[in-house]
Structures are given as structure tokens and as C-alpha cells.
């Protein structure tokens with residue numbers, strides 16, 4: 001009965017809010033109607049947004065070096081040793097996650113300072129986490145009494161305060177909302193069976209969600225946690241229609257609404273970026289390896305100013321943008337290193353904004369590339385790179401490794417070889433293919449380990465003689481996101497183990513095992529292209545020394561070339577089918593910025 005009354009009320013709200021806001025169109029809760037809502041031009045032009053993960057989890061601000069600190073509660077539920085030990089050692093045996101809430105005081109939070117920082121960073125919109133998976137709300141949600149920022153902790157409406165400050169700076173305001181919660185008594189996500197979600201949705205999530213939208217009218221709505229359920233389970237159509245009718249044509253949603261939906265801007269997360277020019281997208285990532293502040297991260301976990309700017313430029317040239325996260329401390333201060341990175345990005349954008357805001361990726365090509373390689377000796381094959389590069393200058397995604405050397409058995413017998421791989425690998429021993437492992441897409445996405453598909457010896461087994469060195473070759477390929485490669489062997493009935501370094505030799509004449517020769521390769525993008533106002537922009541991620549060589553169609557004979565921020569035109573010539581731009585006249589002191597340099601070319605057939 002409650003469900004029927006609520007859905008009827010929601011339908012009335014959808015109709016009424018359309019007239020109340022005087023929008024040009026009333027959207028119905030059907031995919032056909034919702035798909036007719038155009039992606040707003042402001043979002044396509046904005047390119048840069050600021051994500052904010054801040055809440056109760058900001059009190060411990062702790063997790064593994066590669067973990068998401070905002071998943072602290074889930075770590076406790078899973079008896080994660082890092083988080084449980086941290087809790088016990090620092091807060092005592094009887095301390096629970098809910099006990100962190102009074103310590104989340106936000107006593108130094110100044111929303112105007114935050115908004116000013118985001119504006120100086122060059123951001124055009126902000127997305128604040130209003131509720132994460134722990135269910136704690138940063139606004140006075142009546143559905144979460146005693147578990148929101150007005151009732152416990154800061155004793156203030158954090159969403160409302162920041163919304164006003166952001167809009168006062170002329171930026172668009174957006175909100176993130178987790179659809180499920182880990183510890184809600186009506187439905188405990190990851191714990192209760194998925195088919196028990198309905199009562200939680202009908203009695204709790206729907207009214208809470210509607211309250212959030214109608215209070216703050218966010219231009220951007222970012223939902224999350226949808227992946228075990230359908231869009232119908234979450235009533236996605238009704239909720240999106242309500243947002244569109246409440247906010248109007250400025251509104252945009254993301255694409256995380258559950259199976260059966262295909263709507264909203266795309267949200268790759270901690271990837272090397274995607275290439276998509278027909279649908280808006282924003283790479284979602286932090287300056288470090290976590291969204292919420294993780295005090296267990298070291299300096300190497302953070303993007304340098306150059307890495308940040310290069311990542312952003314490549315995202316824009318590939319047709320998208322970036323939703324760059326900051327993780328404030330529990331007291332409301334944004335860490336100084338994060339502030340510095342934002343200001344460095346903003347200073348670069350002050351010089352080069354015309355190549356970014358309102359630009360599009362060039363349909364002909366997004367940039368220029370060259371192959372890079374890293375050579376070293378790896379002691380053994382036991383790697384979990386997660387979302388990191390295996391070593392500079394190799395890319396985080398789309399790289400390959402070839403290991404070569406020799407393997408020596410400690411005793412004669414039959415050896416069974418196995419590999420745990422994300423994404424693909426082949427292993428040859430003495431010319432025999434013993435492992436050929438290519439996980440399919442679903443297993444790759446879930447991080448599962450498949451049985452090896454083998455040929456040659458059949459099931460990964462091969463006979464080895466004691467003391468004899470056999471040539472071994474391993475070829476590994478990484479596609480996107482999580483990357484790992486581990487090589488095991490089993491001797492007789494013993495437990496399987498990582499093949500140890502003492503059994504691996506980089507040279508046949510070596511008397512002591514030292515590992516295998518490794519050659520890592522990937523493509524390196526050193527130049528990006530964008531298009532804006534009938535001009536082509538070549539964004540060089542490396543200073544081109546004496547000349548910049550562009551592999552583009554021949555410009556008009558009177559084409560002009562400018563280095564943004566530099567006063568004089570630059571001479572150029574057309575040689576061997578390429579455009580050569582002379583930059584020798586630009587001295588170091590005359591360089592208009594650091595990290596990347598933008599050349600505007602007027603007179604190219606786009």
C-alpha cells in the first residue's frame with residue numbers, strides 16, 4: 001500500500017514540478033521521453049568538474065595503499081585486517097563505525113573558501129557526495145535520523161552550505177547519491193539477498209532521493225551502487241523524469257542506473273581514459289589512489305602537476321573531460337598538496353583555456369603517439385599493478401610485457417604451471433605452450449581467475465629434469481584497469497607456489513637465479529589535438545626543442561601558428577608531408593606556462 005501511495009505521489013510531483021519550474025518540456029517516466037532530453041551544452045563545454053568525497057569515513061581516513069578509504073565500513077564488515085587493526089589500535093575494542101560520527105566535526109569547513117578554490121582551479125561544476133554507501137547524509141534527511149550532518153557531527157547542512165557557495169561563484173552544483181547502503185536495516189547491500197531490496201527502495205530510498213532533489217535542485221546527478229540491480233528496481237525512469245522536470249534543460253545524469261538503462265554521461269573510473277566523441281563522459285579519479293582521504297598513501301601515490309595536466313588534456317582530446325576528486329579532512333580542510341595541484345591546473349588553464357573549454361576532439365585523430373619501452377630484470381612473476389603503471393614511461397592500460405630467460409627445476413619430475421592473469425598471458429617452456437590464458441570480458445570485469453586453456457603438455461604440465469636450464473618465454477597483455485600476472489608451479493603433491501627467483505635465470509650461463517629479462521612496451525601519447533572556433537589546437541605534452549612536427553593535412557599557405565601566451569607568430573614549413581613549426585625563437589624565460597604547451601593553427605581544413 002505504501003509503495004502505491006508513494007509512486008502515485010511521485011507521478012504527481014513529476015507533472016507538477018514541470019509547470020512550477022516553467023520548463024520547456026514535460027518529461028514522462030519512459031526511456032523514450034527521457035532520451036529526448038538533450039545533453040546540456042554547458043556540460044559538454046565544461047570539461048572539468050570537482051568531485052568531493054567527505055563524510056564519516058574522513059575521520060579514520062585509512063585503508064590499504066590501493067584501497068578506497070571511503071569503503072572503511074565495508075572493510076570492517078569484511079574483517080579487513082588493515083582497517084580492523086587500525087580501529088582497534090587507535091580507538092579501542094568497543095569502538096564502532098557509528099562512533100566516528102561525533103568526531104566528524106567539520107569545524108574548519110568554509111564553503112566559500114572551497115568554492116573559491118574550485119573556481120581558481122578552472123572547474124565549471126562541482127559534484128558533492130551527499131550520501132555514500134555508509135548511508136550517512138550530509139543534509140538533514142528525515143529518513144536518516146541521527147545519521148546525518150545536522151543531527152550528529154558538524155550540526156550543519158553541509159550540502160546546502162556548499163551549494164550556495166558554489167552557485168555564488170557561478171559554477172554548476174551537482175550531487176552524488178548512493179542508491180543502496182551497506183548497513184540499512186531494510187536492506188544491507190552486499191549482505192542481504194539482492195531480491196530483498198524492494199522494501200528499502202519503496203519506504204526509504206525513494207522519499208529520501210526525492211527530498212534531496214527538490215531541496216537542492218542539482219544540475220548534475222551522479223548515482224552509484226547500482227550494479228546488482230536493474231533500473232526498474234531503482235525506479236530510475238521516475239527519478240530521472242522528476243529531476244528533469246524539477247531542474248529543467250540544464251540537468252544531466254550519469255550512466256549508473258542499473259541494468260536495462262542506457263542513459264547519461266559515461267563515468268570511467270581510474271582508467272587511462274576512453275575515446276568517445278559522440279556521448280559526454282568524465283573520467284572519475286582522485287589526485288591520489290583513493291576518493292576519500294587515505295592517510296596511508298605516500299607522495300608517490302599522487303599525480304604530479306604534469307601528470308595531472310597531461311591526463312586532463314588527453315581526456316579532452318579524446319572527447320571527454322575529468323571529474324577530479326578532492327578528499328577533505330574531517331575538520332573540513334582540503335589538504336595543501338591537493339590545493340596546490342588544483343591551483344597548478346588552474347594556472348595552466350588561464351593560459352590555454354581556448355583549447356579546452358567548448359572544444360571537441362578532432363575526428364581525424366586525437367593525437368600523436370610513439371612506442372615506449374622499459375627494460376629490466378624481474379625477480380619473479382608476481383605482480384598486482386591494480387590501476388598503476390608497472391613503471392614509467394609505460395601506460396597504466398594497454399601495455400604488453402615479454403619475459404625471457406631460463407627456468408631450472410630443483411628436482412626431476414612433472415611440474416604443473418598455473419597463472420592468475422588480468423587480462424591475458426601465454427607461457428612457453430622449452431618451446432611448449434603450457435599456458436594460454438585469455439579471460440573473457442565478464443570474468444575480467446569481475447576479477448575472477450579462470451582455468452588455464454593449455455596446449456602442448458595439455459593441462460599446464462611438463463616434465464623437467466633436475467639441474468637442466470630450459471628456455472622460458474612469457475607474453476602478457478593488459479587491456480584496461482586492474483592488471484595482474486602471477487606464475488605458479490606445483491611439484492608433485494606439494495602446495496602450489498610462485499615460481500621463485502632462484503629457479504629463474506636471465507642468462508643461460510648464470511650460476512645463481514636472478515629472474516627473467518623483461519621488456520615492457522606501450523604507446524605513449526606525446527601530443528593531443530582539439531578543435532574550437534574553426535581552429536586546430538596542437539597540445540604538446542613535451543617541449544618540442546627546436547621544432548614541432550605535426551602529422552596533419554597540409555594547411556593553407558597563409559595559415560598562422562601561435563603559441564598560446566606568446567606574443568609573436570611562429571614560422572612554419574611543409575616538408576615530407578608534415579608541418580614543421582619552428583619554436584627555436586622561444587627562450588625558456590618566454591615560455592608562457594609549464595607542463596604542456598598549446599599551438600593554435602588557423603588555416604587547417606577540419
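The values are calculated or read from the model by the stated rules, or taken from the named source; none is laboratory data. Since the model is a prediction, treat every value here as computed from it, not as a measurement. Reconstructed Cβ throughout: ideal geometry from the backbone, glycine too, with neighbour counts over all protein chains shown.
Side notes on the structure shown:
- Of the set (1) crowded, with 17+ Cβ neighbours inside 10 Å; (2) at pLDDT 85 or above; (3) under 24 Å from the mean Cα position of the chain (by Cα), all apply to residue 435 but (3).
- For segment 514-571, residues that are in contact with a helix residue (DSSP H, G or I) (Cβ under 8 Å, 6 or more places away or on another chain) and without any contact (Cβ under 8 Å) to a residue 40 or more places away in the chain total 1.
- Each residue in segment 497-509 was checked for being in a loop (DSSP other than H, G, I, E, B) and loosely packed, with under 14 Cβ neighbours inside 10 Å, and 3 of them qualify.
- Single condition residue 156 does not satisfy, out of (1) within 18 Å of residue 326 (Cβ to Cβ); (2) in a loop (DSSP other than H, G, I, E, B): (1)
- Residue check, residue 139 crowded, with 22+ Cβ neighbours inside 10 Å and under 29 Å from residue 333 (Cα atoms): yes
- Of the residues screened, residue 319 is one that is touching a residue at least 24 places away in the same chain (Cβ under 8 Å), assigned to a loop (DSSP other than H, G, I, E, B) and farther than 30 Å from residue 156 by Cβ.
- Only one of the listed residues (65, 120) is surrounded by fewer than 23 Cβ atoms within 10 Å (Cβ to Cβ), at pLDDT below 95 and assigned by TED's automatic domain parsing to the domain that holds residue 327. That residue is 65.
- Qualifying positions in segment 252-264 - touching a strand residue (DSSP E or B) at 6+ places or on another chain (Cβ under 9 Å) and either within 30 Å of residue 65 (Cβ to Cβ) or surrounded by fewer than 21 Cβ atoms within 10 Å (Cβ to Cβ) (or both): 254, 255, 256, 258, 259, 260, 261, 263
- Any pair with Cβ under 7 angstrom, 6 or more apart, that starts in segment 91-114 at a residue that is part of a helix (DSSP H, G or I) and ends at one that is surrounded by fewer than 15 Cβ atoms within 10 Å (Cβ to Cβ): none
- Apart from one condition, residue 561 fits all of (1) in the same structural domain as residue 400 (by TED's automatic domain parsing); (2) buried (at least 16 other Cβ atoms within 10 Å of the Cβ); the exception is (1).
- If you go through segment 215-237 and keep only what is surrounded by fewer than 20 Cβ atoms within 10 Å (Cβ to Cβ) and in a helix (DSSP H, G or I), you end up with just 215.
- Condition met for residue 212 (touching a strand residue (DSSP E or B) at 6+ places or on another chain (Cβ under 9 Å), in a strand (DSSP E or B) and either assigned by TED's automatic domain parsing to the domain that holds residue 59 or on the phi < 0 side of the Ramachandran plot (or both)): no
Results for (1) crowded, with 19+ Cβ neighbours inside 10 Å; (2) assigned to a strand (DSSP E or B); (3) touching a strand residue (DSSP E or B) at 6+ places or on another chain (Cβ under 6 Å), shown as yes or no for each residue.
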site: 511; (1), (2), (3): no, no, no
site: 521; (1), (2), (3): no, yes, yes
site: 539; (1), (2), (3): yes, yes, yes
site: 565; (1), (2), (3): no, no, no
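- Counting the residues of segment 290-300 that are farther than 19 Å from residue 56 by Cα and in a loop (DSSP other than H, G, I, E, B) gives 1.
- Scan of segment 481-496 for residues that are surrounded by fewer than 12 Cβ atoms within 10 Å (Cβ to Cβ) and either modelled with pLDDT of 95 or more or within 27 Å of residue 386 (Cα to Cα) (or both), ordered by number: 495
- Of all residues making up segment 61-90, the number that are in a loop (DSSP other than H, G, I, E, B) and farther than 30 Å from residue 312 by Cα: 3
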